[in-house]
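The values are calculated or read from the model by the stated rules, or taken from the named source; none is laboratory data. Remember, it's a predicted structure, so these values are computed and weren't measured experimentally. Cβ placement follows ideal geometry from the backbone for every residue including glycine, while neighbour counts extend to all protein chains displayed. Ligands, DNA and RNA are stripped out before the accessible areas are found, and what is left, the full protein with its side chains, is counted by its heavy atoms. Shrake-Rupley method; radii C 1.70, N 1.55, O 1.52, S 1.80 Å.
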Amino acid sequence: MVRNNQALIAKDYSLLAEQPQGVAELLQDSRQSVVISAVTDSGGVSHVLSRYADPVWELWPFFDQPNVDPRMKRLDWTRIPSGFVEACKAVMYRYWMVGLPGKKRPKARTLEGLLNQMALFTRYLDRFGVESLANVQPLHISNYVHESRSQGLTPGSLVHRFAALDVLHHFSDQHPEGLSIHPWPESSAYDMAGCVGGVRDDSRKGNTPLIPEPASQALFNYAEGLLNAADGLLADMEKNVRDPFRDADLLMLRDACFYLVGVLTGMRCSEISGIEVGAWRVEVKDGITYHWVASVEHKTGKGHVEYLMPSMGIQIFTVLERLSAPLRRALAAQLKKAEDAYEKETSTNLLQEIASAKSGLHRLFLVQGRKTISSILGRGWGLRLKQFAVSAGVDWPLAPHQLRRLFGYTFVRHRLGNILFLKEQFKHSSLSMTQLYAANPHQEAALYDEILEEIHRQKADVVLKWLDDDSPLSGGAGRKIMELRAYDYPDRKALILETADKLSIRSTGHSWCLSQDDGCGGAGLYERTQCGGCGNGVIDMTFQPVWREIYLHQTELLCELADLGPGASARVMRDLDRAKKVLVDLGVKLDVEDANG
């Protein structure tokens, strides 16, 4: 379950609701006194944290993610040159209150990112002696675009940078010194970033690298080994032989659990960090046993979500509950101390400490900092996972979101390949995306979107290999594809993506099946040589080792033909010829040694 903690500190909704939607019409004194953030304590007393005039806007009450650095929960206006601050504040406030047309109001995390981009642009202008946004000319913007492009940034990063100028212009009426000229009158931030057509779609998918298979195998084996040895470590901890706050082996066990949860569920870093005691459950439905783990999804605002996990998850969370127990007790003591101090002296710093401790009181992933116990930040997980990879003997720059990508890749690989393995892994009766999602309405839909993207990506990779002039193919469909190579297509990339998008590609374990209907009805799964001549089959070098084994098996049966009878003998010879043809198509030389096994 996910606890709905009765927060000791809550946003002062009534006071915040009284604030204006913009500051353009306000006199200077009224504008500077506008409340940016306010909370109420357990006694219902209101406390203003920040006002418009302040050099720093405290936004921590608007953040629920457990892994966000406290420094990212504030807007520090001293980062912007003084001549631009008032105009940027007015734009930021209005943007926060109403959002862009047709879009939702931005989250506090979005504001912090926008401030970063505002700081980059205004510092650039300040460098060239431009004193306000109202003085910006088209040449300034053109040079800023050119300089940004020359820095080697990805199209996605450039979009974020240039979109800030759109916001500054759209809300320029909020201040007399706003950005009055349109940054690109006949274009857009996307186009200026080079995101046009299909490239725009690619920019939204991100560039999270896939952990190589040897590295992922080594990491999983290392993590599983630590998990299986956990009882001894935890027994020592509970006997006070090991320090629960500093012991290196215990910390590595915690990191191993984080890694396993990520690659077995596809949860994001913030969702894993937010898992609490008792968050897992077991459900039996139509004779199938499901294992679920719950957390809170912040990125798309869905809130309470549950992720399907293999039965190993129960072992992982049982270990984590024991492992985190001393830290949770220490955090409870820390909370009590802060509450006692607050009763003696009101302090906004204490309010933030109390709110933070309260939210983390039941979480499984905690860390002892210099002064306090808290949830592990995203930056901290980045460092911990890199150290985890080193300890596992893996030379790979491991990062949190790579676990989600690996989950998606593994899911798709087994969906396109060994589908029975994935079915067993999740103890599920079906692998249909719709049925997986329908099994629990609280599952996170965005994860399935990423899996579908991974399916498209892998299918495109397969088609790309097929259209390679040097790649031998066999099977009825394979020979047709080789004929297509003779045609000169004007846009090869578009052809590949279009083909992958519309083509149904399934793996039998020994061939690719392109049947768009029932085809052979699955007979090729059991009579493997049938796929060699099937008009829906494509056999590439991926399956060459499998067909060599099929061929060798048939050659071993040659010496038993006399005992098999005429029907079985005919089938052996037929299958031998089919396997031989496939191998010849794939460029494999068959010699006497092959024939003799």
Does at least one position in segment 286-300 carry a residue that is in contact with a Lys or Arg (Cβ under 7 Å, 6 or more places away or on another chain), open to solvent by 50 Å² or more (accessible area, probe 1.4 Å), assigned to a loop (DSSP other than H, G, I, E, B) and touching a residue at least 24 places away in the same chain (Cβ under 8 Å)? yes
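Inside segment 167-193, can you point out the residues that are of a type in the set (A, V, I, L, M) and open to solvent by 40 Å² or more (accessible area, probe 1.4 Å)?
Here is the first cut: in segment 167-193, the residues of a type in the set (A, V, I, L, M) are 167-168, 179, 181, 189, 192-193.
Ile181, Met192, listed by residue number.
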Filter segment 214-254 for residues that are farther than 22 Å from Lys386 by Cα and of a type in the set (Gly, Ala, Ser); which is surrounded by the fewest Cβ atoms within 10 Å (Cβ to Cβ)? Gly232
What are the residue pairs meeting all of these: first residue in segment 72-96, first residue over 18 Å from Gln19 (Cβ atoms) and part of a helix (DSSP H, G or I), second residue open to solvent by less than 30 Å² (accessible area, probe 1.4 Å) and among the aromatic types (Phe, Trp, Tyr), Cβ atoms under 6 Å, and 6 or more apart or on different chains? Val85/Trp77
If I ask for residues that are in contact with a Lys or Arg (Cβ under 8 Å, 6 or more places away or on another chain) and not polar (S, T, N, Q), which ones from segment 307-344 would you list? Pro310, Leu320, Leu323, Arg328, Leu335
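Being of a type outside the set (D, E, K, R), in contact with a Lys or Arg (Cβ under 7 Å, 6 or more places away or on another chain) and farther than 30 Å from Thr208 by Cα narrows it down to one residue among Gln174, Gln137; which is it?
Going through Gln174, Gln137 in turn, just one is of a type outside the set (D, E, K, R), in contact with a Lys or Arg (Cβ under 7 Å, 6 or more places away or on another chain) and farther than 30 Å from Thr208 by Cα: Gln174.
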Restricting to segment 364-389, what's the tally of residues that are among the hydrophobic types (A, V, I, L, M, F, W, C) and not in a loop (DSSP other than H, G, I, E, B)? 8
I'd like to verify a number: residues in segment 62-96 that are within 30 Å of Gly360 (Cβ to Cβ) and open to solvent by 30 Å² or more (accessible area, probe 1.4 Å), how many? 11
Scan segment 40-58 and tell me whether some residue there is at negative phi, open to solvent by less than 40 Å² (accessible area, probe 1.4 Å) and in a helix (DSSP H, G or I). no
How about segment 103-140: which of its residues are within 24 Å of Gln21 (Cα to Cα), free of Cβ contacts under 8 Å to residues at least 40 places away in the same chain and open to solvent by 90 Å² or more (accessible area, probe 1.4 Å)? Lys103, Lys104, Arg105
Any idea how many residues of segment 298-312 are modelled with pLDDT of 85 or more and not aliphatic (A, V, I, L, M)? 5
Failed criterion for Leu100 (all others in (1) part of a helix (DSSP H, G or I); (2) open to solvent by less than 50 Å² (accessible area, probe 1.4 Å) hold): (1)
All but one of (1) in contact with a strand residue (DSSP E or B) (Cβ under 6 Å, 6 or more places away or on another chain); (2) closer than 16 Å to Leu327 by Cα hold for Leu234; which doesn't? (1)
Does segment 12-21 include one or more residues that are modelled with pLDDT of 90 or more, open to solvent by less than 60 Å² (accessible area, probe 1.4 Å) and either farther than 29 Å from Phe84 by Cα or outside any helix (DSSP H, G or I) (or both)? yes
